[in-house]
Structure formats: C-alpha cells, structure tokens
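What follows is a single structure, written as structure tokens, with notes after it.
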Amino acid sequence: MSRSRTIRWVLLVAAIAGLGYLGWQRFHGEEHPAQADGKRAPARTAVPVKTAPVEKADFPVYLTGLGTVQGFNTVVVRSRVDGQINRIAFQEGQFVKEGDTLAEIDPRPFQAVLDQAKAKKAQDAANLANASLDLQRSTRLGEFATRQQTDTQRSTVAQLTAQVEADTAAISNAQTQLDYATVKAPISGIAGLRQVDVGNIVNAATQTGIVTIAQIEPIAVIFTAPEDQLPDIKAALATGSPKVIALSTDGKRELSTGTLSLINNQVDTSSGTIRLKAVFDNKDHALWPGQSVSTRLLVATLKDATVIPDDAVQHGADGLYAYAVNQDNKAELRKIKVTRSIDGRSVVDEGLSLSEQVITAGQFKVQPGSLVTTAIASSDPAQAKVAQE
C-alpha cells in the first residue's frame, strides 16, 4: 500500500511539471522574433575617437643638442697707464658703444710730460733754424769758408733735424699716454660689474681690470653634436649657412634663430662629440652670455614626406602601429615604420598612404574592426561638433 501511494505522488509531480513547462513555452513562444533577435545579439556601439589625415609635406630634419651662450667678443678693460681714478663714466649692466668713455684717470702728470716734450721741440726747432742760417752763410762765402767749416755746419743741421724728429716722436708718445688717461670702450656690448671705484689707484702692470664688456650683438652659441652626424653637418655647411634655432632648456620656447658659422677642428675623443658655433643677431637681447639653451640644427629637408601626428603612433609588442579608419568607419591596425619625429609630427616610411585617416585619440577603446565615430574639431572650440562619418 505504501509503495503504491509513492508512485501516485511521483506521477502527480511529473504531470504538474509537464503542464508548467508547456505553459512557459506557450507564453514565450509568442514573443516577436525581432525582440528575440535583439536579446540574442546586443547592438554594436561606435567608439568615439579623433582622427587626422595622412599628409604629404616637407619635413625639416633637425639635430638637437645643448649649448651655452657666449659673448661674440669679451674684453677685460684695463688701464694702460698708472694713476688715480677721477671719474667712472658708466653704469653696471649698461649697453656701451665702441669709443664711449668708461673712466678717467688723473691726466695732470701726462699733460705735464706732453707740455715738456712740446717745449723741447720748440727749443730744438729754434736751434735748427739758427744752424740752417749759419750753413747758408758758409755756403755763400764760397772759397772764403773752409770746407771743414761747411761740413761741420751741415752736420750740425742734420743733428738738429734728427733731434726735432725725436721731439716729434716724444710729443706723440706723451699725447698717447694722455689719451690713455681716458679709458674708452674698445667694443660695443654690455658692461659687467665694476672692479674699481673713484679714488682707486690703477696700474698698467696689474691683471685686475676696470670692467668686462661682452658683445651681445651679434652673440654666439657653442653646442655639441654626435660625431657620427659630422658628414651631414659638413654637407649642410658646404651648401650654405644652416639654420640654428635656440630654445629654452625645456625646449618649449623659441628664443632666437641664427646660422651655423663653423665646426671645431677636432672631435672630443672622450665624449665622441664635435663642438659647433652658431651666430645670432640677438637684436632683442633674448640670449645672454653664460645662458644654457637647447639647440636645433637644420641639416636637411625631406621633400613630400608622409607625415602623421605623433599621437597616432602607438607602441606594441611587435613594434609601432597606428589605427586607420576605412570607408566603413571601422578601425584597421597598421604596422608602421617611423624614421623621424619632431614638433608633434612623425615621418612614416611604411604602413600608411596619402589621404587616409588615422586615429589620434581614443585608441585605448579601439580594437581591430571596431566601429568608430570621429570628432571633427573646429578652429573655434565653441563650434566643435561630433559627426558620424
């Protein structure tokens, strides 16, 4: 009896389960096929990205380096005579021109020597005039004057003539010493810190100068380049004066533009570099002696190079690659070969062709074959919009 009751309960439960399954199948079987397909295959969402075209452009090839600004000429102004400083005629940091007075030394001793030399010349000139008259008289006497007297008088005239010439040289020397009492700028440039004050005694034999003047118009930059770049640099210099750009040490701000003037005559064997010198007009005084700068030397220009933004270049385990957008707005992975890069642009030798669009932002969401939408940027940020390609 107990076994029969158990069988009946099992059959009852099976019947209820079967009826429930038939009801569920009937209810869900009437669902619209499109809805069923939508649940089985979720809609694909386009990835928003930014793109840029692959362009053909002339690409400048620069060699970058570090350099130090130097005064084109630097002069330590020293006194050429001994004496006391009476006046300082410049301000520290002042731009002085060639010939400007910098300092004045007490001129009285030199003026006295000059006056003495002039007096001595006047005396000797008077003696010469008298001796010349005596020689003329002896000559007119003819046979009444002995030959010895005439020769002696002629010799006296020659001696006094030489003496007058010596006096002229002494006057010139005394005048030069007097001129040296006024110290003038030998070049145009910026005056540095003053080394002497009014009342100091200066001496021509000492090495301490009055002031240092650095010429900054034009100005020079000394920088280095790897020795393996020497052939390219020599070739560029042979065809003209290659352009050199001086930038701030972080490379973000351009300071001045000049030209390469020379290559040093020896490679530094310890570092494997060659020293170069560039000259800048520096009219705006953007460069200052002793300043550290970054440099860019233009050695060549690649004509009609294939150029893309640096942001499009991605690094992978197999090398460099970029995503290109095809006609179906799908991303395609392209392996590329980049040879040069500067100022946010890269030269691509392989992997891309002209007029293709490459993804420059949003790559982290993109996979090969992903559907993308492109952000079209306007020059006016307020007018920027997003459009479906």
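A short reminder: the numbers here are calculations on the coordinates, not readings from a lab. Keep in mind the model is a prediction, meaning the values are calculated, not measured. Every residue, glycine among them, receives a Cβ derived from its backbone with ideal geometry; neighbour counts consider all protein chains shown.
Tabulated values for the structure
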{"read-out": "Highest-first arrangement of 220-227, 84-91, where packing means the average Cβ count within 10 Å", "value": "220-227, 84-91"}
{"read-out": "Amide proton proximity set for Asn200, modelled H, under 5 Å, gap of 5+", "value": "Ile85"}
{"read-out": "Sequence-distant residues sharing a close amide H with Leu320 (under 5 Å, placed H)", "value": "Ile336"}
{"read-out": "Rounded to whole Hz, the Karplus (6.51, -1.76, 1.60) HN-Hα couplings of region 117-129, x for glycine and proline", "value": "5, 5, 5, 5, 5, 5, 5, 5, 5, 5, 5, 5, 4"}
{"read-out": "Ranked by how many other beta carbons lie within 10 Å on average, peptides 117-124, 178-185 from highest", "value": "178-185, 117-124"}
{"read-out": "In nm, spacing of pseudo-spin labels at Glu98 and Asn203 (7 Å Cα→C-beta vector)", "value": "3.3"}
{"read-out": "Region 243-319 and region 73-114: distance between their alpha carbon centers, rounded to Å", "value": "41"}
{"read-out": "Hz values of 3J(HN,Hα) by residue in region 333-339 - Karplus curve (6.51, -1.76, 1.60), Gly and Pro given as x", "value": "7, 10, 6, 10, 10, 9, 9"}
{"read-out": "Relative packing of peptides 153-161, 355-363, 211-219 - highest average C-beta neighbours within 10 Å first", "value": "211-219, 355-363, 153-161"}
{"read-out": "Quarter of Cα convex hull surface for region 237-389, i.e. mean projection, nm²", "value": "14.3"}
{"read-out": "Residues listed by number, region 46-82, amide nitrogen under 13 Å from Lys330 label point at 7 Å toward C-beta", "value": "none"}
{"read-out": "Integer Hz, Karplus 6.51/-1.76/1.60 couplings in order for region 242-251, x for Gly and Pro", "value": "x, 6, 10, 10, 9, 10, 4, 4, 7, x"}
{"read-out": "Amide hydrogen neighbours beyond the local backbone of Ala361, cut-off 5 Å, H modeled", "value": "Lys50"}
